[in-house]
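Notes follow once the structure below has been shown.
We did not get these values from a lab; they are worked out from the coordinates using the rules stated. All figures in this text were calculated on a predicted structure; none of them were measured in a lab. Don't worry about glycine lacking a Cβ; one is built from the backbone with ideal geometry, like all the others, and counts go over all protein chains shown.
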C-alpha cells in the first residue's frame, strides 16, 4: 500500500507570532507526534516548492499579494488585532500555499492516495483581498483552484471542520459551481458568518453548505450530519478530489473553541470522509492544517486524523 504524504517545511517555524495561540509550538507538537506514531514508516515527507504568483492570484488580488509581501519584508507587525507577521512570514506563507498545490498534484497523479499539509500560517479566513484571523493566504482555496486549473479536476469538494467558519473559502467560491464548500463550525463566534441561508449565488447556487452549531456539539452530531446530509449532497455533486480544512480547535480541550469533539472523534470523522472518498473519487483526499490550539492534545488529534487517511 502506498504511503500518505506529509507536507512540512521547517521554515513554517520561523513565522514568529510572539505570544499568540497560533505559534510554532503547534507544528513542533504535530511533527513530533507523527514521527513517533506506530505508522511512521508509512509516511513520506516530500520536498515541495513555494506557491507561484499565478497560484496566489488565482484566489487573491495582486494588491493583496503585494500588501502581504510588503508587510512582511518591511519588518512585520500586526495586520489586524489577530494577525501578526514578521519578515520570515513571507516565505512561510508562500510555502504553506505551495504545499497544498504540490499535494494536489501528487494525489491527483496517483503518487499518494492522500496527503496532510502540516503548514502555518493557516488560511481559511483569508479573503481574496484581506488577511484576517491568523491567515495571510487561503491555502485550501489556492489548492482547490490549482486542482481545477492545473491538475485536471473539474469538481472539487472542500470540507472544513475547524471550529470557526471558513469565510475566506466561502467567499472565494460562492459563485463557482466547480467547488462545493461545506463548513462545520460553532455558531455566532468569529468571524460571525456561515449561516444556513448562505448557500451560494448565481452559477454557484446550492454549492455552499453551512452547519452552524451550538456549543458542546461532539462526535456523533458531526458524524450524523456527514452521513445524512453532506455525503448525499456530495454524491450528487460527484467530486474528483476532496480537500479538508482540518482545524482541530473543535476538540473538547481547545482553549479557543467551545465544541466537544474527542481525539477518537477526529479519527472517526476523517475515516468517514476517507471512506466516502474511496467510493466517489478514488480515495483522493488532501488535508490542510487550520486551527487547533491545545498543544497537549493537538499532536494526538492530528495523529488520529492521519491514521484515518491511511485507512488504518
Discussion item. Given contacts defined as C-alpha pairs under 8 Å and at least six residues apart, what's the relative contact order of the stretch 4-309, whole-number percent?
Written reply: 19 percent
Worksheet item: With a 10 Å Cβ neighbour count serving as the proxy for reagent exposure, in which order, fewest first, do 284, 63 appear?
Response: 63, 284
Response to the item:
FRET efficiency for residue 40 and residue 188 from the Cβ-Cβ distance with R0 = 51 Å, rounded to 0.05, comes out at 0.80
Discussion item. Run the helix sum for the chain: -39,500 (n - 2.57) per DSSP H stretch of 4+ residues, divided by residue count, reported at 222 nm to the nearest 500 deg cm²/dmol.
Written reply: -11500 deg cm²/dmol
Response to the item:
Looks like the chain, by Cα gyration tensor root eigenvalues a ≥ b ≥ c and the a/c under 1.5 rounded cutoff (else prolate when a/b is bigger than b/c, oblate otherwise), is rounded
Discussion item. Quick check on the stretch 93-218: take the gyration tensor over C-alpha atoms, sort the square-rooted eigenvalues as a ≥ b ≥ c, and tell me if it's rounded (a/c under 1.5), prolate or oblate.
Written reply: prolate
Response to the item:
Distance in nm between residue 220 and residue 16 label points, each 7 Å along Cα→Cβ, equals 4.9 nm
Fill in: Centroid-to-centroid separation of the stretch 14-41 and the stretch 113-185 [C-alpha atoms, Å]
22 Å
